Amino acid sequence: MDLKERTFKKHVVFSGKILQVRKDEAVLPDGKMCTREVVEHPGAVCVLCIRGGEAVFVRQFRYAFGEELCELPAGKLERGEDPKEAAFRELEEETGLRAKEMQLLLSVLPSPGYSNEVIHIFLADHIEETESHPDEDEFLDVLRIPIEETYTMIEDGRIKDAKTVAALLFYKARFRQ
């Protein structure tokens, strides 16, 4: 069975600094028309950096949820930017750590029901200290948490950011068995 839905017409309803929202008309596999709402996002990177048995996190206020979250360093891609280069940039900007190597672990689709965002998750290696230089509207604290404690933090809800959970559980499955 062909499950593909075909776009009939695209309507941009909002275009902002970070994302664009469309309300499209589409054709279902059975030929009926439907409406699809799509959030277009340039994509992002997330970096898992482990030093001396500790994972490096940032704690920052997330406006949409009205609370501070504990997350791995991350950031959006600039238009046309290579994800690996963005991973190097974000790690240094947010944490003051510079990696000599970045290994792509996986790419995840955080909300494929309404967004085309892809988050590329990297593992940083060969780390050296430098200076952080977050964006002017970015306020965060850098934390170092023992990697084994992070799994308990996922279980008890202290870590609930999807990209961070995916990165840590993938790392545990791949490297810590």
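Quick look at the values:
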quantity: Residues of segment 130-156 satisfying the condition of being free of Cβ contacts under 8 Å to residues at least 60 places away in the same chain and not acidic (Asp, Glu); calculated: THR130, SER132, HIS133, PRO134, TYR151, THR152, ILE154
quantity: Residue pairs meeting the criteria (Cβ under 8 Å; at least 6 apart or on separate chains; first farther than 19 Å from LYS17 by Cα and free of Cβ contacts under 8 Å to residues at least 40 places away in the same chain, in segment 75-95; second in a strand (DSSP E or B) and among the charged types (D, E, K, R)); calculated: PHE88/ARG98
quantity: Some residue of segment 63-70 being more than 15 Å from the chain's Cα centre (by Cα), assigned to a strand (DSSP E or B) and among the hydrophobic types (A, V, I, L, M, F, W, C); calculated: no
quantity: Of all residues making up segment 10-59, the number that are among the basic types (Lys, Arg) and either loosely packed, with under 10 Cβ neighbours inside 10 Å or closer than 24 Å to LEU104 by Cα (or both); calculated: 4
quantity: Residue within segment 84-98 that is of a type in the set (A, V, I, L, M, F, W, C), part of a strand (DSSP E or B), over 22 Å from ILE154 (Cβ atoms) and at pLDDT 95 or above present; calculated: yes
quantity: Qualifying position, being farther than 21 Å from VAL165 by Cβ and among the aliphatic types (A, V, I, L, M), among ILE119, ILE127, ILE50; calculated: ILE127
quantity: Test: residue in segment 63-74 that is of a type in the set (Asp, Glu), modelled with pLDDT of 95 or more and either surrounded by 15 or more Cβ atoms within 10 Å (Cβ to Cβ) or outside the structural domain of THR150 (by TED's automatic domain parsing) (or both); calculated: yes
quantity: Only listed residue being within 28 Å of GLU78 (Cβ to Cβ), touching a residue at least 60 places away in the same chain (Cβ under 8 Å), in a loop (DSSP other than H, G, I, E, B) and hydrophobic (A, V, I, L, M, F, W, C), chosen from ILE127, ILE121, ILE159; calculated: ILE159
quantity: From LEU91, LEU123, residue being touching a helix residue (DSSP H, G or I) at 6+ places or on another chain (Cβ under 9 Å) and buried (at least 19 other Cβ atoms within 10 Å of the Cβ); calculated: LEU123
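The values are calculated or read from the model by the stated rules, or taken from the named source; none is laboratory data. Remember, predicted model here, so these are calculated numbers, not experimental data. Counting neighbours? That spans all protein chains shown, and the Cβs are built from the backbone with ideal geometry, glycine included.
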